[in-house]
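One structure below.
The values are calculated or read from the model by the stated rules, or taken from the named source; none is laboratory data. Note that the structure is a prediction, hence the values are computed from the model and not measured. Note that we place each Cβ from the backbone using ideal geometry, even for glycine, and neighbour counts take in every protein chain shown.
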Amino acid sequence: MKKNEIHPTANIASCVEMGEGNTIGPGCVLEKGVKLGNGNRLWMNSYLGPNTHIGNENQIHMGAVVGHEPQDLAYAGAASYTRIGNKNVIREYVTIHRGTQEGSATVIGDENYLMANVHIAHNCVVGNRVIMVNLASLTGHCILEDQAFISGMVGFHQFSKIGRLAMVSALSAVNKDIPPFMLCGGRPAVIQGINVVGLRRAGIKAPVREEIKGAYRLLYREGLSVTNAVAQIKELYSSPEVQEILRFIEGSKRGICAGGPEGAGGTDAIKSRKTIQAS
(Lines give C-alpha, C1' and ligand atoms only; values in the text may rest on other atoms or scores of the structure.)
Protein backbone atom coordinates (compact mmCIF):
# COMPACT_ATOMS: atom_id res chain seq x y z
CA MET A 1 0.00 0.00 0.00
CA LYS A 2 1.49 3.33 -1.08
CA LYS A 3 0.84 6.21 1.27
CA ASN A 4 -0.60 9.55 0.21
CA GLU A 5 1.80 12.49 0.25
CA ILE A 6 -0.08 15.55 1.50
CA HIS A 7 1.65 18.91 1.91
CA PRO A 8 0.98 20.45 5.33
CA THR A 9 -0.49 23.61 3.75
CA ALA A 10 -3.17 21.65 1.84
CA ASN A 11 -6.74 22.23 3.09
CA ILE A 12 -8.69 18.98 2.99
CA ALA A 13 -12.24 18.63 4.31
CA SER A 14 -12.74 15.93 6.91
CA CYS A 15 -15.23 14.01 4.76
CA VAL A 16 -12.98 13.68 1.70
CA GLU A 17 -12.53 10.07 0.49
CA MET A 18 -9.08 9.30 -0.85
CA GLY A 19 -7.40 6.17 -2.19
CA GLU A 20 -3.66 5.57 -2.04
CA GLY A 21 -0.55 6.91 -3.72
CA ASN A 22 -1.90 10.43 -4.24
CA THR A 23 0.34 13.51 -4.11
CA ILE A 24 -1.38 16.68 -2.85
CA GLY A 25 0.76 19.80 -3.31
CA PRO A 26 1.02 23.01 -1.30
CA GLY A 27 -2.06 25.18 -1.05
CA CYS A 28 -4.45 22.67 -2.60
CA VAL A 29 -8.08 22.73 -1.46
CA LEU A 30 -10.35 19.65 -1.44
CA GLU A 31 -13.93 20.48 -0.43
CA LYS A 32 -16.57 18.26 1.15
CA GLY A 33 -17.81 15.37 -0.94
CA VAL A 34 -14.58 15.03 -2.92
CA LYS A 35 -13.65 11.46 -3.86
CA LEU A 36 -10.14 10.84 -5.12
CA GLY A 37 -8.94 7.50 -6.44
CA ASN A 38 -5.35 6.25 -6.59
CA GLY A 39 -2.13 7.70 -7.93
CA ASN A 40 -3.33 11.21 -8.68
CA ARG A 41 -1.07 14.24 -8.53
CA LEU A 42 -2.45 17.65 -7.57
CA TRP A 43 0.08 20.39 -8.19
CA MET A 44 0.22 23.48 -6.00
CA ASN A 45 -2.89 25.61 -5.46
CA SER A 46 -5.29 23.40 -7.38
CA TYR A 47 -8.91 23.33 -6.19
CA LEU A 48 -11.45 20.49 -6.11
CA GLY A 49 -14.97 21.70 -5.39
CA PRO A 50 -17.79 19.92 -3.57
CA ASN A 51 -18.91 16.55 -4.94
CA THR A 52 -15.98 16.22 -7.34
CA HIS A 53 -15.26 12.55 -8.04
CA ILE A 54 -11.92 11.76 -9.70
CA GLY A 55 -10.56 8.37 -10.75
CA ASN A 56 -6.96 7.22 -10.94
CA GLU A 57 -3.64 8.60 -12.22
CA ASN A 58 -4.82 12.06 -13.15
CA GLN A 59 -2.57 15.13 -13.17
CA ILE A 60 -4.14 18.41 -12.07
CA HIS A 61 -1.69 21.27 -12.49
CA MET A 62 -1.17 24.60 -10.76
CA GLY A 63 -4.18 26.81 -10.25
CA ALA A 64 -6.70 24.47 -11.90
CA VAL A 65 -10.28 24.81 -10.61
CA VAL A 66 -12.28 21.59 -10.88
CA GLY A 67 -15.87 21.30 -9.71
CA HIS A 68 -16.59 24.92 -8.77
CA GLU A 69 -20.07 26.47 -9.01
CA PRO A 70 -21.40 26.84 -12.57
CA GLN A 71 -21.42 30.23 -14.27
CA ASP A 72 -25.16 29.99 -14.75
CA LEU A 73 -27.74 32.48 -13.47
CA ALA A 74 -30.15 29.57 -13.01
CA TYR A 75 -27.88 27.94 -10.44
CA ALA A 76 -29.46 28.17 -6.99
CA GLY A 77 -26.98 26.23 -4.88
CA ALA A 78 -28.31 22.72 -5.53
CA ALA A 79 -26.01 19.76 -4.91
CA SER A 80 -24.49 18.76 -8.24
CA TYR A 81 -21.41 16.89 -9.40
CA THR A 82 -18.22 16.76 -11.43
CA ARG A 83 -17.10 13.27 -12.49
CA ILE A 84 -13.68 12.70 -14.03
CA GLY A 85 -12.19 9.37 -15.11
CA ASN A 86 -8.60 8.15 -15.31
CA LYS A 87 -5.26 9.35 -16.69
CA ASN A 88 -6.38 12.84 -17.63
CA VAL A 89 -3.92 15.73 -17.83
CA ILE A 90 -5.49 19.00 -16.65
CA ARG A 91 -3.00 21.80 -17.14
CA GLU A 92 -2.55 25.21 -15.52
CA TYR A 93 -5.65 27.29 -14.74
CA VAL A 94 -8.14 24.99 -16.43
CA THR A 95 -11.68 25.58 -15.13
CA ILE A 96 -14.26 22.79 -15.01
CA HIS A 97 -17.65 23.60 -13.45
CA ARG A 98 -20.14 21.20 -11.94
CA GLY A 99 -23.74 20.72 -13.09
CA THR A 100 -26.47 23.32 -12.63
CA GLN A 101 -29.55 21.24 -11.79
CA GLU A 102 -29.73 19.19 -8.60
CA GLY A 103 -28.08 15.81 -9.08
CA SER A 104 -26.73 16.69 -12.52
CA ALA A 105 -23.07 16.41 -13.47
CA THR A 106 -20.29 17.55 -15.73
CA VAL A 107 -18.60 14.37 -16.95
CA ILE A 108 -15.10 13.85 -18.36
CA GLY A 109 -13.81 10.45 -19.46
CA ASP A 110 -10.29 9.03 -19.68
CA GLU A 111 -6.92 10.06 -21.11
CA ASN A 112 -7.92 13.57 -22.12
CA TYR A 113 -5.39 16.37 -22.46
CA LEU A 114 -6.69 19.80 -21.46
CA MET A 115 -4.12 22.52 -22.04
CA ALA A 116 -3.73 25.72 -20.04
CA ASN A 117 -6.80 27.93 -19.53
CA VAL A 118 -9.26 25.53 -21.13
CA HIS A 119 -12.83 26.01 -19.86
CA ILE A 120 -15.46 23.26 -19.60
CA ALA A 121 -18.80 24.62 -18.43
CA HIS A 122 -21.64 23.03 -16.51
CA ASN A 123 -23.27 19.80 -17.68
CA CYS A 124 -20.81 19.15 -20.49
CA VAL A 125 -19.89 15.57 -21.42
CA VAL A 126 -16.36 14.95 -22.71
CA GLY A 127 -15.37 11.51 -23.99
CA ASN A 128 -11.95 9.85 -24.08
CA ARG A 129 -8.59 10.85 -25.59
CA VAL A 130 -9.82 14.34 -26.44
CA ILE A 131 -7.33 17.20 -26.86
CA MET A 132 -8.33 20.79 -26.10
CA VAL A 133 -5.67 23.42 -26.82
CA ASN A 134 -5.07 26.58 -24.77
CA LEU A 135 -8.13 28.79 -24.19
CA ALA A 136 -10.57 26.49 -25.98
CA SER A 137 -13.97 26.73 -24.29
CA LEU A 138 -17.08 24.58 -24.04
CA THR A 139 -20.25 26.36 -22.96
CA GLY A 140 -22.99 24.56 -21.03
CA HIS A 141 -24.42 21.20 -22.07
CA CYS A 142 -21.94 20.56 -24.92
CA ILE A 143 -21.00 17.01 -25.89
CA LEU A 144 -17.46 16.31 -27.10
CA GLU A 145 -16.99 12.78 -28.42
CA ASP A 146 -13.89 10.57 -28.31
CA GLN A 147 -10.62 11.67 -29.94
CA ALA A 148 -11.88 15.08 -31.03
CA PHE A 149 -9.23 17.78 -31.37
CA ILE A 150 -10.18 21.34 -30.45
CA SER A 151 -7.59 23.98 -31.33
CA GLY A 152 -6.83 27.12 -29.36
CA MET A 153 -9.37 29.85 -28.58
CA VAL A 154 -12.35 28.00 -30.06
CA GLY A 155 -15.82 28.73 -28.69
CA PHE A 156 -19.03 26.69 -28.93
CA HIS A 157 -22.70 27.56 -28.59
CA GLN A 158 -24.54 25.90 -25.73
CA PHE A 159 -25.84 22.38 -26.47
CA SER A 160 -23.42 21.91 -29.38
CA LYS A 161 -22.22 18.40 -30.16
CA ILE A 162 -18.83 17.57 -31.66
CA GLY A 163 -18.43 14.13 -33.24
CA ARG A 164 -15.70 11.55 -32.82
CA LEU A 165 -12.34 12.39 -34.42
CA ALA A 166 -13.59 15.80 -35.55
CA MET A 167 -10.98 18.55 -35.65
CA VAL A 168 -11.71 22.27 -35.20
CA SER A 169 -9.21 24.96 -36.23
CA ALA A 170 -8.07 27.81 -33.98
CA LEU A 171 -10.15 30.95 -33.40
CA SER A 172 -13.33 29.30 -34.71
CA ALA A 173 -16.85 30.10 -33.49
CA VAL A 174 -19.13 27.06 -33.67
CA ASN A 175 -22.93 27.35 -33.49
CA LYS A 176 -23.99 24.03 -35.05
CA ASP A 177 -23.10 20.37 -34.56
CA ILE A 178 -19.94 18.95 -36.17
CA PRO A 179 -20.35 15.40 -37.57
CA PRO A 180 -17.71 12.77 -36.81
CA PHE A 181 -14.42 12.73 -38.76
CA MET A 182 -14.82 16.27 -40.17
CA LEU A 183 -12.45 19.22 -40.35
CA CYS A 184 -14.21 22.39 -39.28
CA GLY A 185 -13.29 26.04 -38.84
CA GLY A 186 -14.15 29.69 -39.37
CA ARG A 187 -16.44 32.36 -37.94
CA PRO A 188 -19.04 30.98 -38.16
CA ALA A 189 -17.45 27.56 -38.46
CA VAL A 190 -18.03 25.53 -41.62
CA ILE A 191 -17.04 22.01 -42.65
CA GLN A 192 -13.86 22.17 -44.71
CA GLY A 193 -13.02 18.53 -45.34
CA ILE A 194 -12.20 15.21 -43.70
CA ASN A 195 -9.78 14.71 -40.82
CA VAL A 196 -7.65 12.32 -42.89
CA VAL A 197 -4.60 12.45 -40.62
CA GLY A 198 -6.72 11.75 -37.56
CA LEU A 199 -8.43 8.83 -39.30
CA ARG A 200 -5.08 7.27 -40.24
CA ARG A 201 -3.69 7.71 -36.74
CA ALA A 202 -6.83 6.08 -35.33
CA GLY A 203 -6.21 3.02 -37.52
CA ILE A 204 -9.23 3.46 -39.79
CA LYS A 205 -8.44 1.55 -42.99
CA ALA A 206 -8.29 3.05 -46.48
CA PRO A 207 -11.56 1.49 -47.78
CA VAL A 208 -13.46 2.95 -44.83
CA ARG A 209 -11.78 6.32 -45.32
CA GLU A 210 -13.03 6.25 -48.91
CA GLU A 211 -16.58 5.62 -47.70
CA ILE A 212 -16.30 8.54 -45.27
CA LYS A 213 -15.02 10.72 -48.12
CA GLY A 214 -17.97 9.68 -50.28
CA ALA A 215 -20.44 10.50 -47.53
CA TYR A 216 -18.77 13.89 -47.06
CA ARG A 217 -19.06 14.72 -50.76
CA LEU A 218 -22.74 13.85 -50.83
CA LEU A 219 -23.39 15.98 -47.76
CA TYR A 220 -21.32 18.99 -48.74
CA ARG A 221 -20.26 18.97 -52.41
CA GLU A 222 -23.18 17.77 -54.51
CA GLY A 223 -25.71 20.52 -53.80
CA LEU A 224 -28.12 18.08 -52.14
CA SER A 225 -30.41 18.75 -49.21
CA VAL A 226 -29.42 16.91 -46.07
CA THR A 227 -32.45 14.63 -46.44
CA ASN A 228 -31.49 13.60 -49.97
CA ALA A 229 -27.81 13.27 -49.10
CA VAL A 230 -28.63 11.00 -46.17
CA ALA A 231 -30.87 8.83 -48.36
CA GLN A 232 -28.08 8.36 -50.93
CA ILE A 233 -25.47 7.66 -48.26
CA LYS A 234 -27.69 4.92 -46.83
CA GLU A 235 -27.93 3.28 -50.25
CA LEU A 236 -24.22 3.47 -51.09
CA TYR A 237 -22.25 2.91 -47.89
CA SER A 238 -22.43 0.39 -45.07
CA SER A 239 -19.34 0.78 -42.89
CA PRO A 240 -19.88 1.30 -39.14
CA GLU A 241 -18.14 4.67 -39.41
CA VAL A 242 -20.57 5.97 -42.04
CA GLN A 243 -23.45 4.62 -39.98
CA GLU A 244 -22.02 6.63 -37.09
CA ILE A 245 -22.16 9.78 -39.22
CA LEU A 246 -25.78 9.06 -40.14
CA ARG A 247 -26.82 8.47 -36.52
CA PHE A 248 -25.13 11.71 -35.53
CA ILE A 249 -26.98 13.72 -38.21
CA GLU A 250 -30.35 12.15 -37.46
CA GLY A 251 -29.89 12.81 -33.75
CA SER A 252 -28.78 16.42 -34.14
CA LYS A 253 -31.02 18.95 -32.44
CA ARG A 254 -29.17 22.09 -33.56
CA GLY A 255 -28.50 20.95 -37.12
CA ILE A 256 -25.05 20.29 -38.55
CA CYS A 257 -22.50 22.86 -39.69
CA ALA A 258 -22.72 24.08 -43.28
CA GLY A 259 -20.00 23.40 -45.83
CA GLY A 260 -17.54 26.02 -47.04
CA PRO A 261 -16.17 26.36 -50.59
CA GLU A 262 -14.04 23.35 -51.52
CA GLY A 263 -10.38 23.84 -50.77
CA ALA A 264 -10.99 26.98 -48.72
CA GLY A 265 -12.22 28.00 -45.32
CA GLY A 266 -14.44 30.83 -46.49
CA THR A 267 -18.17 31.22 -46.02
CA ASP A 268 -19.33 32.37 -49.48
CA ALA A 269 -22.29 30.58 -51.02
CA ILE A 270 -22.82 28.37 -47.97
CA LYS A 271 -25.93 26.24 -48.08
CA SER A 272 -27.68 25.85 -44.77
CA ARG A 273 -27.73 22.35 -43.26
CA LYS A 274 -31.08 21.90 -41.54
CA THR A 275 -31.85 19.54 -38.71
CA ILE A 276 -33.20 16.09 -39.49
CA GLN A 277 -35.38 14.58 -36.82
CA ALA A 278 -34.83 10.87 -36.29
CA SER A 279 -37.75 8.92 -37.66
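A few comments on the model shown:
- Filter result (aliphatic (A, V, I, L, M) and exposed (fewer than 13 other Cβ atoms within 10 Å of the Cβ)) within segment 1-21: 1
- Of all residues making up segment 29-44, the number that are closer than 16 Å to residue 108 by Cα, free of Cβ contacts under 8 Å to residues at least 40 places away in the same chain and crowded, with 20+ Cβ neighbours inside 10 Å: 3
- For segment 142-167, the set of residues classified as surrounded by fewer than 20 Cβ atoms within 10 Å (Cβ to Cβ) and touching a Pro at 6+ places or on another chain (Cβ under 9 Å) is empty.
- Here the condition is being at pLDDT 95 or above, over 16 Å from residue 107 (Cα atoms) and of a type in the set (Phe, Trp, Tyr); of 81, 47, it holds for 47 alone.
- Qualifying residue in segment 102-115 (condition: out of contact with any helix residue (DSSP H, G or I) (no Cβ under 7 Å at 6 or more places or on another chain), part of a loop (DSSP other than H, G, I, E, B), over 26 Å from residue 59 (Cβ atoms) and acidic (Asp, Glu)): yes
- Matching residues, segment 122-141, being crowded, with 24+ Cβ neighbours inside 10 Å, within 8 Å of the chain's Cα centre (by Cα) and assigned to a loop (DSSP other than H, G, I, E, B): 124
- Test: residue 79 is more than 30 Å from residue 158 (Cα to Cα), in contact with a Gly (Cβ under 9 Å, 6 or more places away or on another chain) and of a type in the set (A, V, I, L, M): no
- Filter result for residue 71 (at pLDDT 95 or above and farther than 23 Å from residue 117 by Cβ): no
- Taking segment 6-40 as the range and being of a type outside the set (D, E, K, R), touching a Pro at 6+ places or on another chain (Cβ under 6 Å) and closer than 16 Å to residue 83 by Cβ as the test, only 33 passes.
- Qualifying position, being among the β-branched types (Val, Ile, Thr), touching a residue at least 24 places away in the same chain (Cβ under 8 Å) and crowded, with 20+ Cβ neighbours inside 10 Å, among 96, 24: 96
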